[in-house]
1. Take every Cα pair under 8 Å in the chain that's 6+ residues apart, average their separations, divide by the length, and report that relative contact order as a whole percent.
2. With every protein chain left in place, what is the accessible area per residue of the chain in square angstrom, probe 1.4 Å?
3. Taking the Cα centre of the chain as origin and charging only Cβ (+1 Lys, Arg; -1 Asp, Glu), how large is the dipole, in debye to the nearest 20?
4. Taking Cα atoms of the stretch 440-488, Rg/Rh with Kirkwood Rh, to two decimals?
5. With +1 assigned to the C-beta of every Lys and Arg and -1 to the C-beta of every Asp and Glu, and no other charges, what is the dipole magnitude of the stretch 280-502 about the Cα centre in debye, to the nearest 20?
6. With a 1.4 Å probe and every protein chain kept in, tell me what percent of the accessible surface of the chain is carbon plus sulfur.
7. Mind running the shape call on the stretch 126-212? Use the C-alpha gyration tensor, a ≥ b ≥ c as the square roots of the eigenvalues: rounded below 1.5 for a/c, prolate if a/b tops b/c, oblate otherwise.
8. Mind scanning 97/170; 112/446; 85/446 and naming the pairs with a C-alpha gap bigger than 31 Å?
Amino acid sequence: MKKRLLLLLVALITVFHISTRVQADDYLRVGMEAAYAPFNWTQETDENGAVPIEGTNQFANGYDVQVAKKIAEKMDKKVLVVKTKWEGLVPALTSSKIDMIIAGMSPTEERKKEIAFSSRYYTSLPTLVVRSDSKWADARSIQDLAGARITAQQGVYLYDLIDQINGVDKQTAMGDFSQIRQALEAGIIDAYVSERPEARTAQETNPAFRMVALTSGFETKAEDVTIAVGMRKNDSRIATVNQVLEAFTEQDQLALMDKMIESQPVEAASGKASASFPVQVWKILVNNWPQLLRGTGMTLLISILGTVIGTAIGLLIGVFRTAPKADNKGLAFLQKTLAILINVYIEIFRGTPMIVQSMVIYYGTAQAFGLNLDRTLAAIFIVSINTGAYMSEIVRGGIFAVDKGQFEAATALGFTHNQTMRKIVLPQVVRNILPATGNEFVINIKDTSVLNVISVVELYFSGNTVATQTYQYFQTFTVIAIIYFILTFTVTRILRMIEKRLDTDTYTTGANQMQTEVLHD
């Protein structure tokens, strides 16, 4: 049974990776969000010159993608988009996860300290997006928005521009534009600062939004409105990139941007108001079920493997921590040293958020040691060791719950520590910790959502992509919430059934096992 389970898990990993293996020498790996139309977006087909997204069956297109194709053609390569959260783009580049950043990034002085930039490939002006039915819709000057609740994306110059509005109610910066648009549509904010192409796209895609036609706008620096390609400082290919961009005239840039605005896939957001909310939710599910199914499968794969491996780690640590002190001084020293290392491991992984662990392990190991981990395997590793830290304490509690008399009886009968644990204690521990293990499994299903920070295409990441494609955020995340609930509810019920089947007299079982061993000896 164990061999079959192992083969099944290996098969699942193979299925998720067989279609995404590429030769690094053949591809130019470009980092972008693929969720910032018209600069970059995600679509289901390769129409209009779209390129594949690593690790998925989806494609990316947009102004940035077409610029990347021009550069890749000069290098005799194909473009492979590595879909990456905005805050992860620079770490992904410096850790060699990607070859370059082409994602509407401005070459600010702060960024120049970390990476190099090419010549510009677009110049964009900042503007504001408001609700079309709000009192701010007819604003013409940024000062007309005095008192408005305004935000922008975290880590970009647009957020600092908000301070130029007198009397503004500056809100906390948000991680990506899907969050910002959702907040605007829900009325949590009154406006957000964006670049003109994105604002125009928001207005044309969703009638609830309007781009403010500013006659008196923001004061900006040249470096802020300039958009360039980000590359590693020691990358000699920057000369080739600049050669391509120098031949890309301003007239060509405007023509390409207009083409991309017209080419972006726009679902019928304008008609969503006429449909009831349940109908909108159903359409989201019907139109995007393959993408959501893949995300659900990845969530299950990571959470199952993470829980199984983490439980195994917890059991091993539990057995070790209850082992008697070795008589040999050298072994005793090693035992004590290992115990200290285990305690450090447990405290670190129980005392830090998984989202931070993900960034450190995935990007940090590449920067520090040149270790290029596969994104999915890194996710499984992160969840496993995080779960192992918690399970080790759960297992320790389960071992202490076993009657001490059974340890003493096993010792009196000549059982070694390993025999006692394996044949007498652990069968009871497994039953004792099953509810807590099930709880960890449920937690892992939900916590895989934090792995989107390293761009693992799990359920939340897939749902967020759908939301940016459809502009129907509340409807999309309602679908995601329902899927998460179905997963956790089903797992909980299955585990309760297993508990009932195991609800026998574990102490009698342990005694019978002990008696059998004595008779055998």
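1. Details: 787 pairs, mean separation 86.5, N = 521.
Normalised by residue count, the contact order of the chain is 17 percent.
2. Details: 24820 Å² over 521 residues.
Spelled out: the 1.4 Å probe surface of the chain, per residue, equals 48 Å².
3. Working: 50 positive and 51 negative charges, 318 e Å.
Around 1520 debye, computed over the chain.
4. On the way: Rg = 10.9 Å, Rh = 11.1 Å.
So for the stretch 440-488, dividing Rg by the Kirkwood Rh gives 0.98.
5. Details: 18 positive and 10 negative charges, 83 e Å.
Once rounded to the nearest 20, the dipole reads 400 debye.
6. Working: 14360 of 24820 Å².
For the chain, the apolar C and S fraction of the accessible surface comes to 58 percent.
7. Values: a/c = 1.37, a/b = 1.08, b/c = 1.26.
Rounded is the answer for the stretch 126-212, as its axis ratio a/c remains below 1.5.
8. Numbers: 97/170 35 Å; 112/446 37 Å; 85/446 19 Å.
With Cα atoms farther than 31 Å apart: 97/170; 112/446.
The values are calculated or read from the model by the stated rules, or taken from the named source; none is laboratory data. What you see is a predicted model, and the numbers here were worked out from it, not measured in a lab. For neighbour counting, all protein chains shown are included, and Cβ atoms are generated from backbone atoms with ideal geometry for every residue, glycine included. The area values use the complete protein model at the heavy-atom level, side chains included, leaving out ligands, DNA and RNA. Shrake-Rupley method; radii C 1.70, N 1.55, O 1.52, S 1.80 Å.
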